[in-house]
Amino acid sequence: MNMNFKCKLPIPAEVKEQYPVSVEIQETIAERNKMIADVIRGADDRILLIIGPCSADNEDSVIDYICRLRDVQEKVSEKVLIVPRIYTNKPRTTGKGYKGMLHQPDPNKEPDMYKGIVAIRKMHLRAIRETGFTCADEMLYPENHRYLNDLLGYVAVGARSVENQQHRLTASGLKVPVGMKNPVSGSLAVLMNSIEAAQSGHTFLYRGWEVSTTGNELAHAILRGYENHHSQSMPNYHYETLQLLNELYQAKGFSNPAAIIDTNHCNSGKKPFEQPRIVKEVLSSRKYNDDIRKLVKGFMIESYIEDGAQKIDEHIYGKSITDPCIGWEKTERLILDIADRA
């Protein structure tokens, strides 16, 4: 086997014991996560806004950004429920480049997985302690999820992972909402199969254990656009696609159709400044059609302190080192606009 086994990492229980959750934080998590789940269930008609950097590369700037969201949340609390993105794993199409804080807690240094595990847990804990927000993270590696599972309010399964059986089965055992992105091909049939798998109970192998699950009723769709046969970005947030998705949900017999619209990636052609326009179009579709209003629970938006993106060695505070984002001024304006239009 062509692998160099460098060191054995501590199991999640050991890391949780070193960086525990206080009773006060446990109560905050429970309260917040009920709110998020209620939006997905349809018991709360606020817009769910999963928003933040493409990747969480620097703890101080990420927490600074989330504190700003906290201030805006108070202004829009009747119409919008904000869930900050703290994405600590970064999927790479070719496997090359910065893979997120889990791999490299310092993007300018060599990978160190143990330091990464500690860094991402401390950052999520700090976000809850300083802002009261439970946050969203992507489940890129199902076997690593338990290092954070007691802290998260929302989990996403990416377009390149959603067809993977281990991701689907692990999602079926989570207690928080899990957004299943449509695959890169755009197949809504594959997306629906993924949601059905995540909502169903299973027995499978996980971290050396035989485990069983009862299914996650909070598993739902994320529409993020797709690539055609010429590798061109194609959107899937338009009215007709939302109608079709709702029909597919009904055909499957799901009791609670739910979808989040990812306004970046292939929906914007990775042009982040198109995100406000996309939000406005989808909000118009929700107003026009009551079925779509019930289906579309909210948005996923890539946003940070500064507009755009930078190279890793530029060191501009609060600017993405992966995909470009909209900056804070545009972000605040967009959130207030969503609350006015919701």
| So if we plug the beta-carbon distance of Glu210 and Glu329 into 1/(1 + (r/R0)^6) with R0 = 35 Å, what FRET efficiency do we get, rounded to 0.05? | 0.10
| field | Whole-number percent relative contact order across the stretch 285-342, with pairs defined as alpha carbons under 8 Å at least 6 apart | value | 27 percent
| Considering the alpha-carbon set of the stretch 193-258 alone, what are its Rg and its Dmax in angstrom? | 15.7, 45
| field | Length released on extending from Asp44 to Met3, taking residue separation times 0.36 nm less the Cα-Cα span | value | 9.9 nm
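Quick one: of the DSSP bridges fully inside the chain, what percent are antiparallel, nearest 5?
On the way: 7 of 37 bridges.
That works out to approximately 20 percent antiparallel.
Enumerate by residue number the GluC sites (Glu not before Pro) in the stretch 233-289 meeting two conditions: DSSP loop (anything except H, G, I, E, B), and at most 16 other Cβ atoms within 10 Å of the site's Cβ. Walk me through the intermediate numbers first.
On the way: sites: Glu240, Glu247, Glu274, Glu281; in loops: none.
In loop regions of the stretch 233-289 (DSSP not H, G, I, E or B), there are no sparsely surrounded GluC sites (Glu not before Pro).
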| request: Provide the convex hull volume over Cα atoms per residue for the chain, in Å³. | output: 139 Å³
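If you place +1 on the Cβ of every Lys and Arg and -1 on the Cβ of every Asp and Glu, how big does the dipole about the Cα centre of the chain come out, in debye to the nearest 20? It would help to have the intermediate numbers written out before the result.
On the way: 44 positive and 45 negative charges, 87 e Å.
Computed charge dipole of the chain: roughly 420 debye.
Take the Cβ-Cβ distance between Gln18 and Lys271 as r, set R0 to 35 Å, and report the resulting FRET efficiency rounded to the nearest 0.05. Let's see the in-between values first.
Details: r = 42 Å, r/R0 = 1.21.
Between Gln18 and Lys271 the formula returns 0.25.
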| query | Toward the positive end of the charge dipole of the chain, about the Cα centre and with charges on Cβ (Lys, Arg +1; Asp, Glu -1), which of Ile117, Ser303, Leu140 goes farthest? | reply | Leu140
| query | Computed over the Cα atoms of the stretch 78-224, what is the ratio Rg over Rh, Rh following Kirkwood? | reply | 0.97
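Calculated FRET efficiency, Gln232 and Lys280, Cβ-Cβ r, R0 22 Å, to nearest 0.05?
Numbers: r = 24 Å, r/R0 = 1.07.
With R0 = 22 Å, the Cβ-Cβ based efficiency is 0.40.
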| field | Descending principal axes extents, the stretch 8-135, alpha-carbon based, whole Å | value | 45, 34, 26
| said: So the label point goes 7 Å from the Cα of Ser187 along Cα→C-beta, right? Which residues of the stretch 203-244 then have their backbone N under 16 Å from it? | reply: 226-229
| message | I need the phi-derived Karplus couplings for the stretch 147-164: 6.51 cos²θ - 1.76 cosθ + 1.60, θ = phi - 60°, integer Hz, Gly and Pro marked x. | response | 5, 10, 4, 7, 10, 7, x, 7, 10, 10, 10, x, 4, 8, 10, 5, 8, 7
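Taken together, the values in this text are just the output of simple stated rules run on the coordinates, not laboratory data. Note that the structure is a prediction, hence the values are computed from the model and not measured. Note: ideal-geometry Cβ built from the backbone for every residue, glycine included; neighbour counts use all protein chains shown.
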